[in-house]
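This report concerns only the one structure given below.
The values are calculated or read from the model by the stated rules, or taken from the named source; none is laboratory data. Given the structure is predicted, the values throughout are model-derived calculations rather than measurements. A quick note on method: Cβ atoms are made from the backbone with ideal geometry, for glycine too, and the neighbour counts reach across all protein chains shown. Protein only, heavy atoms only, side chains kept; ligands, DNA and RNA dropped before computing areas. Shrake-Rupley method; radii C 1.70, N 1.55, O 1.52, S 1.80 Å.
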Amino acid sequence: MLGEDVHIGEDVSFGAYVVVHDGTRIGDGCTIEDHVVLGKRPRLAGRSTAHGDAGVLELGERVTVCAGAVVLAGARVGEGAILGDQSFVRERSFLGADSVIGRGSVVDNDVQVGSRVRAQTDVYLTAFTVVEDDVFLGPGAITTNDDTMGRHPPGAALRGAILRRACRIGGGAVLTPGVEIGEEAFVAAGAVVTADVPPRAVAIGVPARLVREVGEEDLLEHFR
C-alpha cells in the first residue's frame, strides 16, 4: 500500500504486504521485505518527552529493510544500511552508511548512529544516544536515559549514552544515563556501566570497573 507523495527510486524491490505512508522517500536500489511498515507517524502519550516535528522518512540508496521492520516518519537511513527483521527505528533518528541494526533491535527517537556500526540482535538504543562510527554492540546491549525511571519534573532533559568511535559493548551490558564510552574502549558482556570509560580502557563487572587497556594489536586499524 502506497500513501500520497511517496518517492520511489529506481530498482527498488518490495516484498508482500508492505505499507508505505505519506511522504516517504525511498532511494535507488533499496530492498523492502515482507510486512515492512515505512513512514508511520509516531503516536505519543501526553506526557511523552518525544513530542516535536517528525518530518518524513528518508531511505538512502541500497538500504535493506528486512521482514516485519517498522521505520517511523522522520528517520533518516544512510546508503547501504541494513535494518534487520522486526527492528524498530523511531522519528528523528539517523543511521549512517553501511550500518546494521540486528533483529528485534530498537533505535529510539533522536538517536544518532554513525557509519559501519554493528548492533546485534535485541539491542536497545534509548532516546538521545549518540553512537559514533565503527561501534560494535553485542546482543541484548541496553542504553538508558532516565535515572528517575519516569519520576522527573516535566521538561527535564534525558541523557542517553555516548559511544565514541570503534568502542565495543559486550552482550547484555547496560549503560546508565549519560555515560561516555571512550574511543576503542571495551565493555565486557553483562557489565553495568555507571561511570565514564576512558579511551581504550577495558571495563568489566557490576558495577563496571577498569582492569586494563586495549592492546595495540587489538585496535580497529589492524582489522581494516
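Only one residue in Glu79, Glu91 is in a loop (DSSP other than H, G, I, E, B), touching a residue at least 24 places away in the same chain (Cβ under 8 Å) and surrounded by 19 or more Cβ atoms within 10 Å (Cβ to Cβ). Which one? Being in a loop (DSSP other than H, G, I, E, B), touching a residue at least 24 places away in the same chain (Cβ under 8 Å) and surrounded by 19 or more Cβ atoms within 10 Å (Cβ to Cβ) holds for just one of Glu79, Glu91, which is Glu91. The set of residues in the range 129-163 being in contact with a Pro (Cβ under 9 Å, 6 or more places away or on another chain) and open to solvent by 40 Å² or more (accessible area, probe 1.4 Å) consists of Thr144, Asp147, Arg159. The single condition from (1) at positive phi; (2) within 22 Å of the chain's Cα centre (by Cα); (3) modelled with pLDDT of 95 or more that Met149 fails is (3).
For the range 136-160, the set of residues classified as touching a Gly at 6+ places or on another chain (Cβ under 7 Å) and closer than 20 Å to Ala201 by Cβ consists of Gly138, Ala141, Thr143, listed by residue number. Taking residues in the range 169-184 that are charged (D, E, K, R), and partners anywhere that are open to solvent by 20 Å² or more (accessible area, probe 1.4 Å) and outside any loop (DSSP other than H, G, I, E, B), the pairs with Cβ atoms closer than 7 Å and at least 6 places apart or on different chains are Glu180/Ile162; Glu184/Leu220.
If a residue has to be open to solvent by less than 80 Å² (accessible area, probe 1.4 Å), assigned to a loop (DSSP other than H, G, I, E, B) and either among the polar types (S, T, N, Q) or under 16 Å from Ala75 (Cα atoms) (or both) to count, how many in the range 2-31 make the cut? Here the count works out to 6. Checked against the criterion of being hydrophobic (A, V, I, L, M, F, W, C), touching a strand residue (DSSP E or B) at 6+ places or on another chain (Cβ under 7 Å) and not in a strand (DSSP E or B), the candidates Val71, Val56 yield just one match: Val56.
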